[in-house]
Amino acid sequence: MGAAGVEVLAVSPDPNERSQELADRLRVRYRFLADTDLAVTRRLGLVHAAGGVGGKDVPRPAAVVIDRQGIVRWTAFSNNVQLRPDAQEVLRAVRAL
């Protein structure tokens, strides 16, 4: 998505080291924000209460497209922590800006 002038930021409940290992393994170039206490996730209203192992709160998978003025223009959410928003759908939303 870099070619489209888009910056991708992944918000993850994992520590930076674990996210970096994942990024290296998947060869992704976007940045990760460690949200280990789910503060950002809670502020965005993306908590899947008791959705994790042992009833632990976890983030809902989501994609949010925000324009240069900081206005949310498109969102996609999932209630299944194993499903992620489709990258092609996100790219279409970005191109529609």
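Return a whole-number percent for the relative contact order of the chain, with Cα pairs under 8 Å and 6 or more residues apart as the contact set. Walk me through the intermediate numbers first.
Values: 129 pairs, mean separation 19.2, N = 97.
20 percent.
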*Order by neighbour count: Leu33, Leu97, fewest other Cβ atoms within 10 Å first, most last.*
Leu33, Leu97
*Which whole-Hz couplings ³J(HN,Hα) result when phi for each residue of region 56-62 is put into the Karplus expression 6.51 cos²θ - 1.76 cosθ + 1.60, θ = phi - 60°, listed in order with x for Gly and Pro?*
6, 5, 9, x, 7, x, 8
_Length gained when the stretch Ala10-Val47 is fully extended (0.36 nm per residue, less Cα-Cα span)_ = 11.8 nm
*Long-range amide H partners of Phe32 with built H, under 5 Å*: Ala10
*Treat the count of other C-beta atoms within 10 Å as a stand-in for reagent exposure and order Phe32, Phe77 from fewest to most.*
Phe77, Phe32
*Can you list the equivalent-ellipsoid semi-axes of the chain, largest first and in whole Å, using the square root of 5 times each Cα gyration tensor eigenvalue?*
23, 17, 13
_Gln69 versus Val28: modelled label distance in nm, points set 7 Å from Cα along the beta carbon direction_ = 3.0
_For Ile66, residues with placed amide H under 5 Å, excluding near neighbours_ = Arg73
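Per-residue ellipticity at 222 nm for the chain, helices alone: DSSP H runs ≥ 4 residues times -39500 (n - 2.57), over residue total, nearest 500 deg cm²/dmol?
Values: 3 runs with 25 residues, N = 97.
Calculated from helices alone, the mean residue ellipticity at 222 nm is -7000 deg cm²/dmol.
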*In whole Å, what is the distance between the alpha-carbon centres of region 7-49 and region 80-97?*
17
*asked:* Cut-off 10 angstrom, C-alpha nodes, Gaussian network model of the chain. Which of Asp35, Asp24, Asp14 fluctuates the most?
replied: Asp24
*May I ask what percent, to the nearest 5, of DSSP beta bridges between residues of region 2-95 are antiparallel?*
65
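Read-outs: derived from the displayed coordinates by stated rules, not from any lab. The structure displayed is predicted, hence computed values, not measured ones. Here the Cβ is made from the backbone with ideal geometry for all residues, glycine too, and neighbour counts use every protein chain on show.
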